[in-house]
Amino acid sequence: RKADRAQAAADRQARLAARRPLVKEIEQIDKRLAAWSKEKAEIDARLADPALYTGQQAGEVPAFNKRQAELAGRIEEAELRWLELHEALEAIPAD
């Protein structure tokens, strides 16, 4: 019984050690996704404003479009990685 308890404790520690880096990376991705989504929403709003295309800032439109596409790509990649991490996390038993 004592050996069984020790083995169970070791197994629990191993699962926790396997889960920890996944959880940490998920938290980092969540933070980056929030920042990128906020920035993209701001750019989307600026590009939706018709005044942008006729005013002095009209020359900035290509830069906004480029940044918008860059952010969309980063967000998509991060979301895919987020899903991969969650699948890996679900594959590790919690207890």
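Some notes on this structure:
- Considering every alpha-carbon pair of the chain, the percent of pairs per 5 Å bin, from zero through the bin containing the longest distance, is 2, 12, 16, 13, 10, 9, 9, 7, 6, 5, 4, 3, 2, 1, 1, 0.
- Once the 1.4 Å probe is applied to the protein heavy atoms, the chain comes out at 74 Å² accessible per residue.
- Förster-model FRET efficiency, 30 Å R0, Ala45 and His86, C-beta, rounded to 0.05: 0.50
- Fraction of accessible area attributable to carbon and sulfur, the chain (%, probe 1.4 Å): 54
- Taken about its Cα centre, the range 1-91 carries a charge dipole of about 740 debye when Lys and Arg each add +1 at the Cβ and Asp and Glu each add -1 at the Cβ.
- Whole-Hz ³J(HN,Hα) from phi, Karplus 6.51 cos²θ - 1.76 cosθ + 1.60, for the range 13-18, glycine and proline x: 4, 5, 5, 4, 5, 6
- Lys pairs, the chain - Cα-Cα below 25 angstrom, 8 or more residues apart or on other chains: 6
The values are calculated or read from the model by the stated rules, or taken from the named source; none is laboratory data. On a predicted model such as this, the values are computed, not experimentally measured, just so you know. For neighbour counting, all protein chains shown are included, and Cβ atoms are generated from backbone atoms with ideal geometry for every residue, glycine included. For accessibility, only protein heavy atoms count, side chains too; no ligands or nucleic acids. Shrake-Rupley method; radii C 1.70, N 1.55, O 1.52, S 1.80 Å.
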